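Student: Following this message is one structure expressed as structure tokens.
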Amino acid sequence: MRTLAFAASLAVAATACAQAADFSALDRNVDGYLSRLEATADAEIAKRFAQFDTDKDRRLSPSEYLAARQDNERRALRDAELAARVKEALVAVSGLPSKAISVEAYEGRVQLSGFVPAPDMASRAGRVVAGVSGVLIVSNNLLVKQR
């Protein structure tokens with residue numbers, strides 16, 4: 001049990017060191033803060049810069065950056081879980097070539113791509129995905145490939 005706790009604390013420390021190194025790499029003028037311009041090097045941070053700038057000083061402190069990174073990691077985990085639920089729902093539908101359908105999720109938006117043998121299969125896949133909990137928008141880019 002102690003070994004597991006020690007390993008977990010090492011993982012947390014390693015993550016904190018990596019995030020500090022990321023912050024330092026982004027902080028080009030070495031003032032200890034990230035400006036909006038410096039944050040553009042990390043698209044996910046730049047996208048919601050104002051949301052992460054909790055003290056509204058138009059720059060991110062190391063603690064605000066850490067909170068932003070943690071938020072992005074949670075979002076990525078939610079996206080992965082959503083994609084897995086969608087894929088599971090597609091596999092559960094009989095007669096649907098689920099292995100030929102690629103699923104990508106980002107903030108509740110799900111994109112389907114790949115090839116199906118008939119138009120009704122493409123529309124059925126879209127309807128199945130729309131019914132999955134957590135899906136906000138479905139971009140059905142499935143193409144019909146006649147055999």
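Student: Looking at this structure, is G134 under 30 Å from E44 (Cα atoms) and not in a helix (DSSP H, G or I)?
Tutor: Answer is yes for this residue.
Student: Quick check on the range 66-81: of everything there that is aliphatic (A, V, I, L, M) and under 10 Å from the mean Cα position of the chain (by Cα), which residue is nearest to F23 (Cα to Cα)?
Tutor: Among them, the one singled out is A76.
Student: While we're here: Looking at Y106, is it open to solvent by less than 50 Å² (accessible area, probe 1.4 Å), touching a helix residue (DSSP H, G or I) at 6+ places or on another chain (Cβ under 8 Å) and under 30 Å from R28 (Cβ atoms)?
Tutor: No, not satisfied.
Student: Same structure, new question: Search the range 100-120 for residues that are at positive phi and pair each with any residue that is among the aliphatic types (A, V, I, L, M) and open to solvent by 60 Å² or more (accessible area, probe 1.4 Å) when their beta-carbon atoms are under 6 Å apart and the residues are at least 6 apart or on different chains.
Tutor: That search, which allows pairs on different chains as well, returns G108/L136.
Student: Quick check on my filter: what residues within the range 19-59 are touching a residue at least 24 places away in the same chain (Cβ under 8 Å) and polar (S, T, N, Q)?
Tutor: Of everything in the range 19-59, those that are touching a residue at least 24 places away in the same chain (Cβ under 8 Å) and polar (S, T, N, Q) turn out to be Q19, S35.
Student: Another question, if that's okay. Starting from residues that are in a strand (DSSP E or B) and within 13 Å of the chain's Cα centre (by Cα), keep the ones in the range 82-110 and report whichever is farthest from N72 (Cα to Cα).
Tutor: For the range 82-110, the residue satisfying everything is V103.
Student: With the checklist (1) closer than 30 Å to G32 by Cα; (2) surrounded by 15 or more Cβ atoms within 10 Å (Cβ to Cβ) in hand, flag the one item L90 doesn't pass.
Tutor: So the condition that L90 fails would be (1).
Student: Looking at the range 54-62, is at least one residue within 27 Å of G134 (Cα to Cα) and charged (D, E, K, R)?
Tutor: No.
Student: Now for a separate question. Of all residues in the range 36-60, which are of a type in the set (G, A, S) and touching a helix residue (DSSP H, G or I) at 6+ places or on another chain (Cβ under 6 Å)?
Tutor: A39, A41, A46
Student: Same structure again: From the list A20, A16, pick out the single residue that is exposed (fewer than 13 other Cβ atoms within 10 Å of the Cβ), among the aliphatic types (A, V, I, L, M) and either within 30 Å of Q146 (Cα to Cα) or at pLDDT below 95 (or both).
Tutor: A16
Student: Which residues, taken from the range 34-60, are part of a loop (DSSP other than H, G, I, E, B), at pLDDT below 95 and surrounded by 16 or more Cβ atoms within 10 Å (Cβ to Cβ)?
Tutor: D42
To keep it simple, each residue is scored yes or no on (1) over 18 Å from L143 (Cβ atoms); (2) at pLDDT 95 or above.
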| position | (1), (2) |
| --- | --- |
| A100 | no, no |
| A105 | yes, yes |
| R109 | yes, yes |
| V128 | no, yes |
| G131 | yes, yes |
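Student: Residue under question is R78, and the condition is that it be in a helix (DSSP H, G or I), of a type outside the set (V, I, T), open to solvent by 20 Å² or more (accessible area, probe 1.4 Å) and closer than 23 Å to K47 by Cα; does it hold?
Tutor: Criteria met by R78.
The values are calculated or read from the model by the stated rules, or taken from the named source; none is laboratory data. Please read all numbers here as calculations on a predicted model, not as lab measurements. Cβ sites come from the backbone with ideal geometry, for glycine too, and all protein chains shown count toward neighbours. Please note that ligands, DNA and RNA were not included when accessible areas were found on the heavy atoms of the full protein model with its side chains. Shrake-Rupley method; radii C 1.70, N 1.55, O 1.52, S 1.80 Å.
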